[in-house]
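Notes follow the structure.
What follows draws every value from the coordinates through simple rules; no lab data is involved. Because the structure is predicted, anything quoted here is derived from the model rather than measured. When we count neighbours, we look across all protein chains shown, and the Cβ atoms used for this are built from the backbone with ideal geometry, even at glycine.
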Amino acid sequence: LVWFGLPIVREELPLTWLGSEKAVWYMTRSSGIVAYLLLSLSTMWGLLLSSKLVQKQISPAVSLAMHNYLSWVSWGLVAFHALILLFDRYYSYQLSDLFVPFTGPYRPGWVGLGIIGFYLMGVTTVSSYFRKQIGQKIWRKLHYLTFGAYLLATVHGLMAGTDVLQLSMMYLVSSIVVIYLTAYRVLTAVALL
């Protein structure tokens, strides 16, 4: 990333596999898929933590560390997923296209939703480190943005992704598990009131 981040003219990239059109396409696709899987796991893990389903099996410190790790790695891979597009030779992406929703050259609406999801992921991930300063109630409300981030990432993948047919089961199973765990969490919370 540091090497690619230097101000280099696209045509001056070395003719290695990193400079090839296919490599950028493969890295974009694979980082997006892995980022989505990690976001799904982080969302599922957070729901398991909040519903106390894993409380007795795994220590709270390990559970929280796992949730934080999944969140940060997912967020980092989404950033990589976007930044590698600067080297795509088929579409000409500018830095602003990657950070300003609905402005890019490829399916701007669906990609824009992914950018908003990226920002929501960042807010929920970073807010955990300011939990004491902002208070539990505000932190919890901010953390509900995770559902929006997950939904936007799912829609982004389904509508802007190039492998939708091959990955449809991934999206379906992930969504079913997140919906089930959310319903379980809501029903147990209501039963406790």
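Report the residues of the range 45-71 in range of a label on residue 191: point 7 Å along Cα→C-beta, backbone N strictly under 13 Å from it. Answer for this model: 51-53.
Shape analysis of the chain places it in the prolate category; the axes a ≥ b ≥ c from the Cα gyration tensor give an a/c of at least 1.5, with a/b above b/c.
Principal-axis analysis of the Cα atoms of the chain puts helix 60-83 at an angle of about 20° to the longest axis. How far, in degrees from 0 to 90, does helix 21-50 lean away from the longest principal axis of the Cα atoms of the chain, to the nearest 10? Result, in degrees: 10. A straight chain from residue 140 to residue 90 at 0.36 nm per residue would run longer than the Cα-Cα distance by 13.8 nm.
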